Every structure is written in structure tokens, then in C-alpha cells.
1. So if I check each of Gly43, Gly47, Gly33, which one is surrounded by fewer than 19 Cβ atoms within 10 Å (Cβ to Cβ), free of Cβ contacts under 8 Å to residues at least 60 places away in the same chain and closer than 26 Å to Tyr137 by Cα?
2. Could you go through the stretch 167-182 and let me know if any residue there is in contact (Cβ under 8 Å) with a residue 24 or more places away in the chain and more than 17 Å from Pro9 (Cα to Cα).
3. Looking only at the stretch 97-112, which residues are in contact (Cβ under 8 Å) with a residue 40 or more places away in the chain and either part of a helix (DSSP H, G or I) or in contact with a Ser or Thr (Cβ under 8 Å, 6 or more places away or on another chain) (or both)?
4. May I ask you to verify whether Arg88 is of a type in the set (D, E, K, R), closer than 30 Å to Ile196 by Cα and part of a loop (DSSP other than H, G, I, E, B)?
5. If only one of Gly134, Gly185 is loosely packed, with under 13 Cβ neighbours inside 10 Å and part of a loop (DSSP other than H, G, I, E, B), which one is it?
6. Could you please tell me which pairs satisfy a Cβ distance under 6 Å, a separation of 6+ or placement on different chains, a first residue in the stretch 114-131 that is over 10 Å from Arg159 (Cβ atoms) and surrounded by fewer than 18 Cβ atoms within 10 Å (Cβ to Cβ), and a second residue that is β-branched (Val, Ile, Thr) and modelled with pLDDT under 90?
7. Hey, Ser195 hits all of (1) modelled with pLDDT of 90 or more; (2) over 21 Å from the mean Cα position of the chain (by Cα) but one; which does it fall short on?
8. Could you please let me know if Val110 is over 16 Å from Ile5 (Cα atoms), of a type outside the set (Phe, Trp, Tyr) and either in contact with a helix residue (DSSP H, G or I) (Cβ under 9 Å, 6 or more places away or on another chain) or loosely packed, with under 12 Cβ neighbours inside 10 Å (or both)?
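The values are calculated or read from the model by the stated rules, or taken from the named source; none is laboratory data. Since we're looking at a predicted model, the values are computed, not measured. Heads up, the Cβs are rebuilt from the backbone with ideal geometry, glycines too, and the neighbour counts pull from every protein chain shown.
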Amino acid sequence: MVNIILLGPPGAGKGTQAKRLVDQRAMVQLSTGDMLRDAKTSGSEMGRKVAAVMDRGDLVTDEIVIGLIAEKLATPSVGGFIFDGFPRTLKQADALADLLLQSGQGLDAVIEMQVDDAALVARISGRYTCGNCGEVYHDTTRPTKAAGVCDACGSTDLRRRADDNADALRIRLMEYYKKTSPLIGYYYAKKQLTSIDGLAEMDAVAAAVAKVLDRQE
């Protein structure tokens with residue numbers, strides 16, 4: 001069992017690689033966004049707290065997110081856990097380290113997906129997805145074979161995220177560099193960091209991630 005963090009700016013491909021690891025290695029993806037949405041509709045005590053905060057339009061506290069992760073860590077995982085989108089700050093990194101220690105687990109690797117900002121803006125600005133099956137396309141590098149029709153399922157419900165544009169992405173990147181990029185030095189000092197090319201072909205990125213994981217097993 002291997003526990004890892006996927007680290008990188010928005011659009012670097014963390015979610016795509018996490019889904020591959022779930023399918024290929026039976027790992028469990030812990031995405032904070034997914035956990036919050038699941039908790040809100042779960043009816044549990046923690047879920048009611050999340051729902052109350054989100055319904056007020058407030059930001060969910062670190063304590064609540066850590067509580068959700070603690071619940072997930074208590075569930076057996078064959079392949080290990082992938083932390084995707086968490087931690088985002090040094091404070092959260094310390095809290096995660098404490099939680100893993102308390103649960104008798106460790107962090108085996110932190111994989112930084114390095115990207116060039118200009119190339120990332122070009123990648124994200126042309127991105128769109130199928131609203132039915134979630135398949136991802138791009139205006140230039142991976143358009144649908146038939147205009148307006150998903151190759152995978154035939155749906156015509158193709159969507160673009162409202163913030164998948166150059167101006168919005170630059171704001172998200174600035175937020176990442178201010179709050180999250182210090183984690184690169186944090187995990188480098190702990191000798192847990194490996195950096196890979198996040199803008200390589202999807203299969204090449206997957207191979208680089210697999211190489212890191214294979215060293216831990």
C-alpha cells in the first residue's frame with residue numbers, strides 16, 4: 001500500500017492521473033471537492049456540518065476537511081490513498097502529517113507535476129468535457145471526431161468550465177503560487193518530493209508516476 005500526494009497547479013492533470021491510479025492500482029482518490037460534495041448529501045454528523053457551512057456560503061475549515069480525510073483513512077484501501085488537491089497550505093501539510101501518524105500510516109511520495117504557465121494557459125483555454133461521461137477534449141490537441149459529438153458516448157452535451165479561460169486561470173495560478181507552491185520546498189526538505197513533466201503526453205506522465213510508485217513498493 002502506497003500513500004501519495006499529487007502536487008501541481010490547476011490544470012496540471014492531477015485528477016486525470018489519479019483516476020488512472022484508481023483503475024490500475026486500486027488506490028483511493030481523496031479529492032477534497034468530491035469529499036465535500038459526498039459529505040453534504042450523506043446525512044452523517046460531519047455531513048450536516050459541511051452542509052451548514054456550504055449553505056451559508058462560508059469556506060469549509062481545515063478542521064472539517066481533516067475530519068473527512070480521517071473518516072476515509074479509517075476505510076481499508078488495497079492500493080493506498082491519493083491526496084488530490086490537499087494539502088494546499090503548510091498548515092494543512094502539518095495537519096495531514098499528524099493525522100497520518102495518528103492513524104499509523106505514512107506518506108510515501110509527493111509527486112510534483114511541473115508545468116509551464118504559458119503552455120498551461122493554452123491547454124486549459126481550449127479544454128472542454130462531455131457532460132454525460134466526463135471525457136476530456138481540446139480544441140487543438142484532441143478535438144472530437146465529429147463536431148459537437150462525444151467520441152466515447154455519442155452525447156452532444158459538451159461543456160466548458162466558466163473558469164477555463166486565460167484570465168481566470170491566471171488568477172487561479174497566482175493563488176496556487178502564493179499558498180500552495182511553498183509545499184514544494186516543504187516536501188523537498190523531507191526528501192519526499194519527486195518532480196515530473198506534467199505537460200508530457202498523458203501516457204508518458206502516467207509512466208513517470210508509475211516509476212515513482214514502483215520505487216516505494
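1. Details: Gly43 fails: closer than 26 Å to Tyr137 by Cα; Gly47 fails: closer than 26 Å to Tyr137 by Cα.
Answer to the check: Gly33.
2. no
3. Initially, the stretch 97-112 is screened for residues in contact (Cβ under 8 Å) with a residue 40 or more places away in the chain, giving 100, 105-112.
Leu100, Ala109, Val110, Ile111, Glu112 - these are the residues of the stretch 97-112 that are in contact (Cβ under 8 Å) with a residue 40 or more places away in the chain and either part of a helix (DSSP H, G or I) or in contact with a Ser or Thr (Cβ under 8 Å, 6 or more places away or on another chain) (or both).
4. Values: of a type in the set (D, E, K, R): yes; closer than 30 Å to Ile196 by Cα: yes; part of a loop (DSSP other than H, G, I, E, B): yes.
The answer is yes for Arg88.
5. Details: Gly185 fails: part of a loop (DSSP other than H, G, I, E, B).
Criteria check complete, one pass: Gly134.
6. From residues that are over 10 Å from Arg159 (Cβ atoms) and surrounded by fewer than 18 Cβ atoms within 10 Å (Cβ to Cβ), the pairs are Gly126/Thr140.
7. Answer for Ser195: the failing condition is (2).
8. Details: over 16 Å from Ile5 (Cα atoms): no; of a type outside the set (Phe, Trp, Tyr): yes; either in contact with a helix residue (DSSP H, G or I) (Cβ under 9 Å, 6 or more places away or on another chain) or loosely packed, with under 12 Cβ neighbours inside 10 Å (or both): yes.
Judged against the criteria, Val110 is not a match.
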